[in-house]
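These notes are about the structure you will find just below.
The values are calculated or read from the model by the stated rules, or taken from the named source; none is laboratory data. Keep in mind it's a predicted model, so treat the numbers as computed, not measured. Note that we place each Cβ from the backbone using ideal geometry, even for glycine, and neighbour counts take in every protein chain shown. The accessibility values were calculated without ligands, DNA or RNA, using every heavy atom of the protein model including side chains. Shrake-Rupley method; radii C 1.70, N 1.55, O 1.52, S 1.80 Å.
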Protein chains: 2
Amino acid sequence: MKKIEIYDTTLRDGTQGEGISFSSLDKIKIAQRLDKLGVAYIEGGWPGSNPKDMEFFEKIRSIPLKKAKISAFGSTRKGNIKVEKDFNIKALMDSKALVIAIFGKSWELHVKDALKVSLEENIKMIYDSVSYLKSKGRYVIYDAEHYFDGFKANRDYALKTLEAAKNAGAEVLVLCDTNGGTLPGELAEIIKTTKSSIKAKYGIHTHNDSGLAVANSIIAVEMGCMHVHGTINGYGERCGNANLCSIMPVLQLKLGFRCVSDRNLKTLTDVSYFVNEVANVIPPKNEPFVGESAFAHKGGIHVDAVMKNIKTYEHISPELIGNRRRVLISDLSGKSNIKYKTSEMGFEEEFEPSHLREIANEIKLKEHRGYLYEDAEGSFELLVREKKGEKEEFFELDGFRVIIEKRPKKESYSEATIKLKVKGITEHTAAEGDGPVNALDNALRKALEKFYPNLKKMYLTDYKVRVLEGKNGTKAKVRVLIESANKKQTWGTVGVSENIIQASWEALVDSINYHLLKDKSTRKKK
Amino acid sequence: MKKIEIYDTTLRDGTQGEGISFSSLDKIKIAQRLDKLGVAYIEGGWPGSNPKDMEFFEKIRSIPLKKAKISAFGSTRKGNIKVEKDFNIKALMDSKALVIAIFGKSWELHVKDALKVSLEENIKMIYDSVSYLKSKGRYVIYDAEHYFDGFKANRDYALKTLEAAKNAGAEVLVLCDTNGGTLPGELAEIIKTTKSSIKAKYGIHTHNDSGLAVANSIIAVEMGCMHVHGTINGYGERCGNANLCSIMPVLQLKLGFRCVSDRNLKTLTDVSYFVNEVANVIPPKNEPFVGESAFAHKGGIHVDAVMKNIKTYEHISPELIGNRRRVLISDLSGKSNIKYKTSEMGFEEEFEPSHLREIANEIKLKEHRGYLYEDAEGSFELLVREKKGEKEEFFELDGFRVIIEKRPKKESYSEATIKLKVKGITEHTAAEGDGPVNALDNALRKALEKFYPNLKKMYLTDYKVRVLEGKNGTKAKVRVLIESANKKQTWGTVGVSENIIQASWEALVDSINYHLLKDKSTRKKK
């Protein structure tokens, strides 16, 4: 089994992506998680470019890592300056990282237009920088920026830049498709010619501007590049870097290479989720391998087939990368979907076909009005029980009022009052909160906890707002999704209205009703 | 220049994606837009599977299309049933579509486990269905479902199924990687063997479960498949279908094939945006070619180089697909970014370097607290002007109050009161609204329009809410982004708070201040 060196650059190239920003503490957390995953290298940042990155290198030195080596990134020395006087090279040394990834220009266009130095000087800059770092005992990875574009523009010059890095002692030559415009066919050809011209250890670094970063990385590995750059979730400038969450499963599960242990690969979905959480990114659900929808079956015919044999519509088993199979409820759902879900909910008795149809119709109607049950299984179960005539009313609302006040130079203030009845007893109460929804949440709990003390065991874990029809400005309809949890489980609930308070209220009430329902049935069973 | 037949299945396979749902009217609108783009075929739906799809086929018949042909999708007849009695085949005929895409099974696993018929019967089902439709004068496209998996499991059988379709008269044989698990190398090999075994016109249909759908489609075209299936924005079951918004530019701009006219290709970004709007999908910004970030430059060094020569960090010109170059403001921004943006804003005079640094620091601080200026150029400009000492106060707030009331069985009711001063004159007013933010918006306008009648020319076009720290439940911090427009321009503004009303207020006030600022400077110039 051939080993692949995974070189993660989420913390450096990844942060060039729109909307991606990490504090140095975030970076530490991610580095520890990547080390646990078992990648070979973690590129921590560009110490010459900003103080936050330098802070990371200082902090990470005191943190023991199991396997991963920390790498610092920087450019070759500037033109016509002594290497030991160069600010950026100094910063690389100051980072005290033992592995240095240094990038140089392979494309004459960049040498002339961006660096504005002569072609010969650029070769010297590469040679000087690599050999200086080598003389200081560093392990040097050479990133040949724009290698493929450079090769197409002037093959001999591109090769000369690589040769300079190699002769200066670089351990790995990384061929970079920096602008992401190279196609698989030409990429394979260029790698072949390059490898036959210069014997060295090669790496690959691709970008996704043509939607081909994963394919290009895999083809490069098949051509013999055993050192692979990429980022978790494909973060990166413009369309992102090559996505390690796709590359690693393809290489390891489909081509028999070894990136990390099989056991660690089973945490890949978690790693993806963790990094998205830290970056505060809501990932597209349809991400290959690690996305929420990656093994989600919606079409009735697919669900029917998967219930017979999972291999019919799944290319690998989701468990191998720690993901899970899901069956979706939507207006495309056949009765198979509803049947799968209701049995998942533990309804032992079979539903009548007419019941299943009625539920499917209700779902269709509600989704048309903006509800979404895919993420709101709590609300879905309440709806199913209502259709079965099993709805339980835990309280009766007499009314609520929420007030938000703002005075100059003061924080805005939110207060909610609520009046409700439980088993004929009226409760009228008020609460403040951080914002109107929180105030309403607090008031509702305050009113109900008297009757249902177990409500204290339940808490909200996520609150999402989605504006459904942006075109109407502040009049737009909104969908609120709430995720709640107790010690035993988590569940989602949904509310829709043009009034965000009303939508939040619906989702809140469903969430509480679901908890009370489960709590009650638990007690019954005892 | 070789022509490629683009076969769009956004309206059928695309709707299998999680969260994707179209009404029949949505489908009509999208079909018209696709026709304008110039695709060869539009697969409208599966008339046998749901009434909504049948409705689409009825409606679309009365709508003149310039170029695209409408295709209906369905399965081969069921096992052991006469083809003319088959419900699904009947529905295909009832759709009155002249082009039929019919899918059959190539993989013995599916024949045995999903269809539960004999291998021979499956061959007959394919032959009968295609020849029946041919006898009725239909143009038949045969989709060989799971062709690559089927070929790997039993090559001879997979080839036999293709042969049956061809002998029955199918015009195109489409090789489908239904589960999305096939790798580029094996895909190329299988296409090669298949083409040498059976002479026919071939098509390709791939899915993105391994992140390789675009690469696989392109490689298939290079191998001679001139008929390409895909969806706009890559919608589709699980990880989606092959994304036409990537495939078309790669084929046409990089490989010299012709999918649509060059002029129409320039509307591709618009088409992508339009379909996302109809589907109510917020697309990932980093989509290749058509994404908002596809040509967005963030790193200071990139911005600096792009200002010298755009080819340094752009693989194609964004204009070719109707997209645009952007420079982002963030904590990674160098002074180059701020300089680019301020000159874009029309500040003729140069900023002092110390000013630029001060602005960059303020941005960093605010982004740390949850603000995002990438989409809020209105708020960014106000901040820049404030730093320049050019802040103008158009009004002074004395306070506001928002009340939301809910009574049983009644719609919730929202009312806002607001008290403010303009040039020493107090205005105290109240307004209702569809929800609290709308009420506040209405009250604020009501108070200000007296003094600034031109406010009537400005309206809100988009309102987005993003919960920043889901973990705190309803206490979470939210970011509100508002997009506004007048006849001349659109602008975005941002607000952040734990109180959604307060965050909305901030963004509203910025939006109105920006409008008044521009309105005033316009008047000055006259």
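If you scan the stretch B:288-315, which residues turn out to be of a type in the set (D, E, K, R) and at the interface with another protein chain (Cβ under 7 Å from one of its Cβ atoms)? Those that are of a type in the set (D, E, K, R) and at the interface with another protein chain (Cβ under 7 Å from one of its Cβ atoms): B:298, B:308, B:311, B:314.
Tell me, which helices (runs of 4 or more DSSP H) wholly within the stretch B:96-175 include 1 or more residues that are within 27 Å of residue B:216 (Cα to Cα) and not hydrophobic (A, V, I, L, M, F, W, C)? Reasoning before the result, please.
On the way: elements: B:119-135, B:147-153, B:155-167.
Those helices (runs of 4 or more DSSP H) span B:147-153, B:155-167.
Inspection of the stretch A:222-245 identifies at least one residue that is surrounded by fewer than 22 Cβ atoms within 10 Å (Cβ to Cβ) and assigned to a helix (DSSP H, G or I). Within the stretch B:296-315, the presence of at least one residue that is closer than 24 Å to residue B:462 by Cα and open to solvent by less than 10 Å² (accessible area, probe 1.4 Å) is confirmed.
Looking for something in contact (Cβ under 8 Å) with a residue 12 or more places away in the chain, closer than 22 Å to residue B:161 by Cα, within 14 Å of chain A (Cβ to nearest Cβ) and buried (at least 24 other Cβ atoms within 10 Å of the Cβ) - is there at least one such residue anywhere in the stretch B:88-101? Looking for residues that are in contact (Cβ under 8 Å) with a residue 12 or more places away in the chain, closer than 22 Å to residue B:161 by Cα, within 14 Å of chain A (Cβ to nearest Cβ) and buried (at least 24 other Cβ atoms within 10 Å of the Cβ), one finds none in the stretch B:88-101, hence no.
Taking first residues from the stretch A:356-370 that are closer than 17 Å to residue A:389 by Cβ and partners that are crowded, with 20+ Cβ neighbours inside 10 Å, the Cβ contacts under 7 Å between residues at least 6 apart in sequence or on separate chains come to A:356/A:338; A:356/A:339; A:359/A:338; A:359/A:384; A:362/A:383.
Could you please find all residues in the stretch B:68-83 being hydrophobic (A, V, I, L, M, F, W, C) and either surrounded by 23 or more Cβ atoms within 10 Å (Cβ to Cβ) or touching a His at 6+ places or on another chain (Cβ under 6 Å) (or both)? Spell out the reasoning first.
Step one: of the stretch B:68-83, the residues hydrophobic (A, V, I, L, M, F, W, C) are B:68, B:70, B:72-73, B:81, B:83.
Result: B:70, B:72, B:73.
Can you say whether residue B:465 is part of a strand (DSSP E or B) and open to solvent by less than 10 Å² (accessible area, probe 1.4 Å), as far as the supplied structure shows? Full working, then the answer.
On the way: part of a strand (DSSP E or B): yes; open to solvent by less than 10 Å² (accessible area, probe 1.4 Å): no.
Here the answer is no, as residue B:465 does not meet what is asked.
All of B:437, B:465 fail the test of being modelled with pLDDT under 90 and under 30 Å from residue B:410 (Cβ atoms), apart from B:465. The number of residues in the stretch A:364-400 being among the aliphatic types (A, V, I, L, M) and under 22 Å from residue A:463 (Cα atoms) comes to 4. The set of residues from the stretch A:324-350 being modelled with pLDDT under 75 and more than 28 Å from residue A:465 (Cβ to Cβ) comprises A:334, A:335, A:336, A:346, A:347, A:348, A:349, A:350.
List the number of the failed condition for residue A:328; all other conditions in (1) in contact (Cβ under 8 Å) with a residue 12 or more places away in the chain; (2) under 30 Å from residue A:15 (Cα atoms) hold. Status for residue A:328: all satisfied but (2).
Only a single item in (1) without any contact (Cβ under 8 Å) to a residue 24 or more places away in the chain; (2) within 13 Å of chain A (Cβ to nearest Cβ); (3) not polar (S, T, N, Q) is not met by residue B:320, and it is number (1). Taken together, the residues in the stretch A:260-296 that are in contact with a helix residue (DSSP H, G or I) (Cβ under 9 Å, 6 or more places away or on another chain), modelled with pLDDT of 90 or more and assigned to a loop (DSSP other than H, G, I, E, B) amount to 11.
For the stretch A:190-234, the tally of residues that are away from chain B (no Cβ under 14 Å) and under 21 Å from residue B:296 (Cα atoms) stands at 1. The residue that is nearest to the other protein chains (Cβ to nearest Cβ), among those in the stretch B:31-67 that are open to solvent by 10 Å² or more (accessible area, probe 1.4 Å), of a type in the set (A, V, I, L, M, F, W, C) and assigned to a loop (DSSP other than H, G, I, E, B), is B:46. Residue A:490 fails exactly one of the following numbered conditions: (1) more than 8 Å from every other protein chain (Cβ to nearest Cβ); (2) free of Cβ contacts under 8 Å to residues at least 60 places away in the same chain; (3) surrounded by 20 or more Cβ atoms within 10 Å (Cβ to Cβ); (4) among the polar types (S, T, N, Q). What is the number of that condition? (3) is the only condition that residue A:490 fails.
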